[in-house]
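A quick write-up on the structure given underneath.
The values are calculated or read from the model by the stated rules, or taken from the named source; none is laboratory data. Remember, it's a predicted structure, so these values are computed and weren't measured experimentally. Reconstructed Cβ throughout: ideal geometry from the backbone, glycine too, with neighbour counts over all protein chains shown.
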Amino acid sequence: GQNIDQPTEMTATEGAIVQINCTYQTSGFNGLFWYQQHAGEAPTFLSYNVLDGLEEKGRFSSFLSRSKGYSYLLLKELQMKDSASYLCAVRDRLDSSYKLIFGSGTRLLVRP
Amino acid sequence: ETGVTQSPTHLIKTRGQQVTLRCSSQSGHNTVSWYQQALGQGPQFIFQYYREEENGRGNFPPRFSGLQFPNYSSELNVNALELDDSALYLCASSLVFGTSGGNEQYFGPGTRLTVT
């Protein structure tokens, strides 16, 4: 089956670091994405991992371990505007193409 | 701004009615995917269109159907609306997603559908 798990909610303090974990089980794994979604808005792309290891992009980093079915998104120097939902999504094989399977999202609240 | 547009922004329909939602892809993108996002949940894959053909489908009944046009714009049609169809409907465009390129899908702002 296909399953993606991530925490429902997290709270952190402005200026701090937060790590959002994601575990997954899929049959045709072909990459893992992280998206940010503010309330009432569309998801926006943050990062993509297809090989094991860490991808760094400014204040955001994402890590993947394919053997463990595990990823995390690391947010540094948190800002108030980082309060949003963070969606972990796996690209999975679908017949002749691919589809994205999303987790339920982690709501991050950044406090002053 | 991703360059992907959707219309209408909001829509209220009655159970049993039919609805058509529209999406214009980002320029140059030939693949479009549709997702349903219930409140507090992640997006659920409905189907994907590539070069005007359905190119993959999630676990949605046949009353969910779609079209892609030569200019790569797309429609999502839902017949016999049910209360559980109330959700945010997102389209996402990409360039040949998952094959030779197109690692990223660009999402539109969504259409909020309420079924009463």
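The table below lists the values:
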read-out	value
One residue from A:THR26, A:THR13 being at pLDDT below 90 and more than 14 Å from the chain's Cα centre (by Cα)	A:THR26
Sole residue being away from every other protein chain (no Cβ under 13 Å), within 14 Å of the chain's Cα centre (by Cα) and at positive phi, chosen from A:GLY69, A:GLY53	A:GLY69
Qualifying residue in segment B:82-102 (condition: outside any loop (DSSP other than H, G, I, E, B), modelled with pLDDT under 95 and polar (S, T, N, Q))	yes
Residue list for segment A:23-36, filter: touching a Gly at 6+ places or on another chain (Cβ under 7 Å) and within 11 Å of another protein chain (Cβ to nearest Cβ)	A:ASN30
Sole exception among (1) buried (at least 20 other Cβ atoms within 10 Å of the Cβ); (2) free of Cβ contacts under 8 Å to residues at least 12 places away in the same chain; (3) within 16 Å of B:GLY40 (Cβ to Cβ) for A:ALA42, by number	(3)
Single condition B:GLN36 does not satisfy, out of (1) surrounded by fewer than 19 Cβ atoms within 10 Å (Cβ to Cβ); (2) within 13 Å of chain A (Cβ to nearest Cβ); (3) not hydrophobic (A, V, I, L, M, F, W, C)	(1)
Odd one out for B:SER74 among (1) surrounded by 22 or more Cβ atoms within 10 Å (Cβ to Cβ); (2) within 13 Å of another protein chain (Cβ to nearest Cβ); (3) touching a Lys or Arg at 6+ places or on another chain (Cβ under 8 Å)	(2)
Conditions (1) buried (at least 18 other Cβ atoms within 10 Å of the Cβ); (2) within 14 Å of chain B (Cβ to nearest Cβ): number failed by A:PHE63	(2)
Any hit, segment B:51-66, residues being at pLDDT 95 or above, away from chain A (no Cβ under 11 Å), surrounded by 14 or more Cβ atoms within 10 Å (Cβ to Cβ) and assigned to a loop (DSSP other than H, G, I, E, B)	yes
Residue match in segment A:53-68 (condition: of a type in the set (Lys, Arg), modelled with pLDDT of 95 or more and touching a Ser or Thr at 6+ places or on another chain (Cβ under 9 Å))	yes
The one condition in (1) touching a residue at least 60 places away in the same chain (Cβ under 8 Å); (2) loosely packed, with under 15 Cβ neighbours inside 10 Å; (3) assigned to a strand (DSSP E or B) that A:GLY31 fails to fulfil	(2)
Those residues of segment A:82-100 which are more than 7 Å from every other protein chain (Cβ to nearest Cβ) and farther than 18 Å from A:GLY40 by Cβ, in sequence order	A:CYS88, A:ALA89, A:VAL90, A:ASP92, A:ARG93
Scope segment B:2-25; condition at negative phi, surrounded by fewer than 19 Cβ atoms within 10 Å (Cβ to Cβ) and not polar (S, T, N, Q); matching residues	B:PRO8, B:HIS10, B:LEU11, B:ILE12, B:LYS13, B:ARG15, B:VAL19, B:ARG22
Checklist (1) more than 22 Å from B:TYR89 (Cβ to Cβ); (2) buried (at least 20 other Cβ atoms within 10 Å of the Cβ) applied to A:TYR86, failing item	(1)
